[in-house]
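A short reminder: the numbers here are calculations on the coordinates, not readings from a lab. Please read all numbers here as calculations on a predicted model, not as lab measurements. Cβ sites come from the backbone with ideal geometry, for glycine too, and all protein chains shown count toward neighbours.
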């Protein structure tokens with residue numbers, strides 16, 4: 001089995017990689033029948049020489065491999081027919097901008113596994129960069145606070161070497177007396193919570209958060225059953241919500257009235273109620289003035305996220321009354337951080353973490369006949385056809401609205 005680490009070709013450049021040099025070494029030590037080849041790259045966080053030093057072949061031509069491992073979408077012209085690929089395709093939600101990519105993989109007889117579709121038997125994702133998105137997103141939120149209010153000047157994460165350096169910068173600042181709301185309980189929220197805890201911001205229950213004032217900065221962590229409620233007034237159930245959220249409505253406004261800084265770390269499912277709408281944001285009691293939207297669903301459950309921002313220009317303003325983008329320092333504006341590729345700012349740590357999980361959760365499936373069904377569940381297409389699990393994408397591939 002020949003694995004290839006491919007060069008990332010999407011713009012803006014992404015420095016992450018599926019396997020670090022040390023992860024590659026671990027792979028071939030655990031599975032002597034495996035070989036790893038590296039496509040030369042001048043942007044990867046780990047230089048070509050680091051792979052060469054451990055004995056791996058680095059070249060511009062990796063066309064003789066079996067399985068190609070990437071992070072972001074592979075340009076259509078660079079897809080090699082009749083091969084197997086792993087990367088984030090951004091197609092499984094029928095994203096219009098990548099329809100041609102999935103169609104091309106079918107036309108080129110590619111066996112494709114999306115990192116996003118690697119799930120366990122209960123349907124929960126087993127791999128991703130969410131934790132690192134949470135770390136960087138929360139940091140960027142505090143960076144926005146410091147810039148807007150002239151409190152402190154945190155450097156961009158992309159200028160820092162690693163997570164330790166990021167935390168060292170946080171040790172230099174003092175957070176004012178504000179109330180912070182963090183939504184979600186998954187990997188994204190875990191990363192964001194780590195930043196809040198590192199800053200020694202006190203965590204309080206939702207009951208206290210909604211009814212009390214504090215002499216210090218505090219945060220409250222809320223899950224879907226706190227910010228959503230059943231329309232019929234009955235007690236809600238989290239698992240019922242995940243299966244069918246149609247009987248629920250938002251219960252976010254009580255939190256919006258008490259919150260200064262909102263960190264959106266939740267997962268938003270199709271047909272779930274919005275957290276707050278544009279009309280909600282116009283309410284005189286709506287208090288949120290800073291949003292770090294790590295989830296970054298455009299024109300979705302967080303009304304102030306009207307577009308994704310970029311690492312180069314991470315902040316913009318949303319004016320609730322006009323529903324338009326404005327400079328973030330305009331009076332009455334909500335300052336928004338909605339970078340949609342946050343882990344790119346921490347490529348070393350995020351690549352190492354991702355690779356560790358990929359080694360332990362995915363690679364064994366290639367050598368144990370996929371006994372746990374990891375590959376079978378993640379396989380989007382093969383032999384020029386969508387698999388049964390992803391047959392719902394056929395109209396999308398065909399361009400049928």
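Below is a table of values for the structure above.
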| quantity | calculated |
| --- | --- |
| Convex hull projection area averaged over all views, the range 200-278, Cα basis, nm² | 6.0 |
| Descending Cα extents along the principal axes, the range 77-144, whole Å | 46, 31, 20 |
| The range 16-155: proportion of alpha-carbon pairs further apart than 20 angstrom, % | 61 |
| Nearest 10 degrees, 0 to 90: helix 187-198 Cα axis against the chain principal axis | 60 |
| Viscosity 1.306 mPa s, 10 °C: Kirkwood-radius Stokes-Einstein D of the range 130-345 over Cα pairs, µm²/s | 92 |
| Extension reserve of the residue 148-residue 376 stretch, reckoned as 0.36 nm per residue once the Cα distance is removed | 77.2 nm |
| Label-to-label distance, nm, for residues given as residue 253 and residue 214 (7 Å Cα→Cβ offset) | 2.5 |
| Label-point gap, in nm, between residue 361 and residue 95 - each point 7 angstrom along Cα→Cβ | 1.9 |
| Least to most buried among 139, 248 (fewest other Cβ within 10 Å first) | 248, 139 |
| Paramagnetic reach from residue 279 in the range 232-246 [backbone N under 17 Å; point 7 Å along Cα→Cβ] | none |
| Theoretical gain in end-to-end length, residue 158 to residue 42 [0.36 nm per residue, Cα-Cα removed] | 40.1 nm |
| Estimated inter-spin distance, residue 388 and residue 119, nm [label 7 Å along Cα→Cβ] | 1.6 |
| At q = 0.07, 0.08, 0.11, 0.14 Å⁻¹, base-10 log of I(q)/I(0) for the chain (Debye sum, equal scatterers on each alpha carbon) | -0.36, -0.47, -0.87, -1.29 |
| Scattering curve values for the range 235-337, log₁₀ I(q)/I(0), Debye with Cα scatterers, q = 0.18 Å⁻¹ | -0.85 |
| Computed [θ] at 222 nm, helices only, for the chain once each DSSP H run of length n ≥ 4 contributes -39500 (n - 2.57) | -7500 deg cm²/dmol |
| Sorted peptide list for 106-117, 383-394, 289-300, criterion being average Cβ within 10 angstrom, highest first | 289-300, 106-117, 383-394 |
| For the range 130-345: relative contact order, % (alpha-carbon pairs under 8 angstrom, 6 or more apart) | 21 |
| Antiparallel %, DSSP beta bridges [both residues in the range 130-345], to 5 | 35 |
